[in-house]
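Coordinate-derived values only; no laboratory data. Just so we're clear, the structure is a prediction, and the values are computed from it rather than from any experiment. So basically every Cβ, Gly included, is an ideal-geometry build from the backbone, and we count neighbours across all protein chains shown.
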Amino acid sequence: MILSVHNINKSFDGKDILRDASFHIENNEKAAIVGINGAGKTTLLKIIIGQLAADSG
């Protein structure tokens with residue numbers, strides 16, 4: 001397994017941006033993060049690389 005994310009939660013000003021986000025990526029798999037503006041894509045990536053702390057998870 002290359003990456004495993006379990007139950008990531010993040011909110012800003014009382015608004016949930018990520019709620020119980022979970023997934024894993026296996027060797028040789030490809031993944032994409034797709035969503036509308038403000039859906040939490042960049043927030044999720046910042047949490048994964050350690051630039052931003054998750055509220056939980």
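Each stretch of four or more DSSP H residues adds -39500 (n - 2.57); spread over every residue of the chain, this sum gives -4500 deg cm²/dmol at 222 nm.
Relative protection proxy for 38-45, 8-15, from highest mean packing down: 38-45, 8-15 (other beta-carbon atoms within 10 angstrom).
Here region 3-49 is treated with +1 on each Lys and Arg Cβ and -1 on each Asp and Glu Cβ, and its dipole about the Cα centre works out to around 160 debye. Answer with one residue from S22, S4, L44: the one whose Cα lies farthest towards the positive end of the charge dipole of the chain, charges on Cβ with Lys, Arg +1 and Asp, Glu -1. Checked the options; the winner is L44.
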